[in-house]
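We did not get these values from a lab; they are worked out from the coordinates using the rules stated. No experiment lies behind these values; they were computed from the predicted model shown. Cβ atoms come from the backbone with ideal geometry, glycine included; neighbour counts cover every protein chain shown.
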Amino acid sequence: MNSRSGTLWFVSSGQTRKKPFQDALIKSGMNLHLFEDGRSAFARFGSDMPDLLLVSEQLDDMNVVEFCQRLRLTAGTRSVPVIVLTSGEDTQFERDLLNNGADVCFCQNTDPLLLVFRICTLLRRYEDDMPASEGVRFRPPAVTVITTPGSVAWSWRGGKAESQDSTSPLIFESLTSHGYLLSLIDDPARFDDIGTSVSQQHPDCVIIDMDSPQFDGLEMARNLLFAREINGQCTRVLGMVTPDRMTIENVVAAFSAGVDDLVGADIETDLLMARIGSLVRRKILQDEMRREEAHVESARARMALADALRRVNADLAAANRKLIEAQAKLVQSAKMASLGELAAGIAHEFNNPLAFVLAHESTVQKGIATALQAVKTSDFDGAELALTKSKERLSASLVGLSRMRDLVASLRRFSRLEEGEFARVDVPESLKIVLTLLAPKFGQEIKVFCHLNAPAELVCQAALVNQVIMNILSNSADAIAEKRINNKEINNIENYDEINIFSSLEEATEGREGEDYVIRITDTGPGVPENLRERIFEPFFTTKPVGSGTGLGLATAYGVIKAHGGSISVTGGEQGKGACFVVRVPYRSAEEKGCYDET
């Protein structure tokens, strides 16, 4: 028998308490607590809860029916099974008790060993799993009757002595009239697979004819018990036998086989319905308790999942912030690497006007000294001539200083860190700065032509032009220089190479709506081999000799373009010569982005 010991409260007045029952319960391993009246038991419910209540029919402070009713009113005590000890076999009294919340009525004159078995059946373990369809909405309780024509359950007449012939058992009709969903298993061909049949029907109670000549009722009960344990069902089992077989030995055998209650065939209809109702009520109540526990556990699991999700989202947000910071640093690093490559050319651009200014400084000083001497000798014509020459030298020096000032301003604007912010950018002006910085790299062998047909202003990150376009132009210049070295065209300015920059507004691609701001850069260099066109945007991939490139330029450009929701690609140039880089970003006006002028 699959049962367990537990805590049992015995509520009984002193004069009605039966010592044999106490001894039998303690001997069976029960943790027994004694209460003198119902009030003291209810007071204890506030701090403790029993596994089962054993109550005498006579209490000093309240009626036992009232006790059962009060017990079922509270959710906390509703699931506690109750056995009422009665002084005799009063059918009407037993029916009232069962209908008002008692689970079992047990006669005090019966062997205490049977009480232990009844307690074990009420405390029998059942798995927590239930069919998914249960608990969704209300349904009438379901009962399955296993019997055969002519056997005890089939011939049951509701306690009446006379026998009637019928095509269906009377018990079937009685259960139907009491609102139960009925199913009848009377085909011997289905008996071998009875566990599967009952599991598929999911009844709340199964009534087994224990005296059918066509099957063994005890073996049937054992099969159902095994099926309940395997399938995780809480179906209750009621056995019916002939009155002469209601002996202690048969009752113990039935309870041991898995039967939850055993009745004789002479039981009256109302009492049988009350016994079945008690079993069904207990089963449905425990289903609801487990369902509520499952809901609580599900809610806890959802809360834990939500908490874990919040933590994961926080971690992802932190990782995303770090990634954005790393990307900004990578852009800045690549930009500084580009500036490093241009340092020699920029230094040359500084040295020329600086040398020019320094050379003219001594000439201006001599001219001023000559003018002062001429004034002292009243040679005003000579003084005017000397001052005029000094003015011309100063004007020439100012041109050089202005060139140096423009270079410094371009460097400051190019190297700023606010690359990740969207702002209103003047594309032609930004291109002018980039071309100014790259002028030493282009030299006289490379000519750059701009064909800008798109609007001058674009809402984007400054890195779109300062970084992306500069990296593409710098790579084009390097490729052209390598080609000229291979073709021995160094310093051949008569046969120059070209870089063309085109801008236009085109219809958006890749399923986007609106227009794309498109910048195409073509060159007359050697081009990009088709097998490398996908790899050139990978970080640290470069075709330049060791020490000549970092492999970050185009990778950084790719990241900036993706941050704009755009695309970058490379194909062959016109007539298959050179390379053509195409940059596409969604075109947004300043009003759409809510941006201000770039500062």
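Across segment 475-483, computed HN-Hα scalar couplings (Karplus, 6.51 cos²θ - 1.76 cosθ + 1.60, θ = phi - 60°) run 5, 4, 5, 5, 5, 5, 4, 5, 5 Hz from first to last residue, x flagging Gly and Pro.
Highest mean packing first, where packing is the average number of other Cβ atoms within 10 Å per residue, the peptides 51-61, 456-466, 307-317, 70-80 line up as 456-466, 51-61, 70-80, 307-317. Projecting label points 7 angstrom from Cα along Cα→Cβ for THR91 and THR377 puts them 15.7 nm apart.
For the pair ALA456 and LEU354, the difference between a 0.36 nm per residue extended length and the Cα-Cα distance amounts to 33.3 nm.
Residues in segment 301-309 carry Karplus couplings, in order, of 5, 5, 5, 5, 5, 5, 5, 5, 5 Hz; the curve used is 6.51 cos²θ - 1.76 cosθ + 1.60 with θ = phi - 60°, and Gly or Pro positions show x.
Applying 1/(1 + (r/R0)^6) with R0 = 60 Å to the Cβ-Cβ distance of ASP244 and ASN313 gives a FRET efficiency near 0.25. Note on ILE284 and LYS27: their simple-model spin labels are 3.9 nm apart, each label 7 Å out from Cα toward Cβ. Taken along its principal axes, the alpha carbon cloud of segment 233-315 reaches lengths of 74, 26, 13 Å, longest axis first.
Computed over the Cα atoms of segment 38-106, pair by distinct pair, the Kirkwood hydrodynamic radius stands at 12.2 angstrom.
The length gained by stretching the chain between LYS19 and ARG78 to full extension, at 0.36 nm per residue less their Cα-Cα distance, is 18.4 nm. Modelled this way, with points 7 Å down the Cα-to-C-beta line, the labels at LYS488 and ARG405 are 4.9 nm from one another. Ranked by the mean number of other Cβ atoms within 10 Å of their residues, highest first, the peptides 370-376, 263-269 come out as 263-269, 370-376.
In segment 1-125, the convex hull through the Cα atoms has an average projected area of 7.2 nm², a quarter of its surface area.
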